[in-house]
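The values are calculated or read from the model by the stated rules, or taken from the named source; none is laboratory data. What you are looking at is a predicted structure, and each value in this text was computed from that prediction instead of being measured. Here the Cβ positions follow ideal geometry from the backbone for every residue, glycine too, while neighbour counts run over all protein chains shown.
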Amino acid sequence: MEQEITYNSVLKLIYELELTNKRMLIERDKKDEERRVEESKLRAKRRVADEKRRVADEKRRVADEKRRIADEQRWAKSDKSWEALRSQMKEVQGELGGIGKSNGEIAEDFFYNGLKKNMQLMSIEIEEIDRNNNRYRKNIGLKGEYDIVLTNTDVVILVEVKSKFKAQHVIKLVEKQIPKYKILYPEKKNYKVRGAIAAFTFEDKAIELAKEYGLFILTQSGENIEVVQNATKIY
């Protein structure tokens with residue numbers, strides 16, 4: 001038996017449809033609003049994160065600038081100390097009857113005597129210190145010379161000394177002298193090898209490369225040796 005369609009039933013159906021449609025619209029608007037709120041929160045978080053990164057970058061830039069200024073001041077001080085030491089050495093040489101030394105020899109004397117006096121480099125206790133180590137292995141035709149070699153029970157530090165350190169000196173130490181050390185000295189094959197550069201003055205590029213290669217950087221501070229950078233790499 002078919003249900004009789006009346007005017008009231010039609011109105012009721014229309015009302016229910018309109019009510020359902022309104023609910024759907026309300027639900028859609030609610031979801032849209034929730035999405036807008038969420039997007040707004042995400043944008044706010046991104047802005048905060050971007051601002052934090054900007055502040056951190058600015059702090060790093062300021063810190064780098066302070067380090068650069070400190071390095072320049074240190075090198076300027078080192079230059080003055082070097083000139084004073086050189087003048088003193090010339091006076092001593094004159095008193096000894098004109099027996100002269102090159103700038104490189106003066107630098108080697110200074111750093112060898114300073115390291116020998118302390119027998120320690122940062123936290124590393126030194127048991128042996130050698131100067132001008134030369135070795136030639138005939139069977140492989142390989143030779144090498146090392147200005148200063150610091151040794152303890154399991155660490156070897158190869159110190160290259162110059163009066164003024166240049167970028168090519170750093171490259172030579174890292175790419176040639178350090179790699180062939182254990183070949184020339186097989187008795188040290190199980191030792192941890194670290195590199196160091198020592199000078200009264202440095203080219204900026206030499207400092208950059210030394211930091212990149214993780215080398216010790218040693219310079220003069222008055223009558224003492226100053227460690228500008230600790231070694232971060234084992235070869």
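Going by the structure shown, is THR151 closer than 28 Å to ASP64 by Cβ, surrounded by 14 or more Cβ atoms within 10 Å (Cβ to Cβ) and not aromatic (Phe, Trp, Tyr)? Considered against the rule, which asks whether it is closer than 28 Å to ASP64 by Cβ, surrounded by 14 or more Cβ atoms within 10 Å (Cβ to Cβ) and not aromatic (Phe, Trp, Tyr), THR151 comes out as no. You will find that of LEU115, LEU85, the residue that is surrounded by 10 or more Cβ atoms within 10 Å (Cβ to Cβ), among the aliphatic types (A, V, I, L, M) and modelled with pLDDT of 75 or more is LEU115 and no other.
Per this entry, GLU160 is counted among residues that are over 14 Å from LYS188 (Cβ atoms) and within 24 Å of the chain's Cα centre (by Cα). Hey, among ILE171, ILE207, which residue is part of a helix (DSSP H, G or I), touching a strand residue (DSSP E or B) at 6+ places or on another chain (Cβ under 8 Å) and farther than 19 Å from TYR112 by Cα? None of the other options fit; the residue is ILE207.
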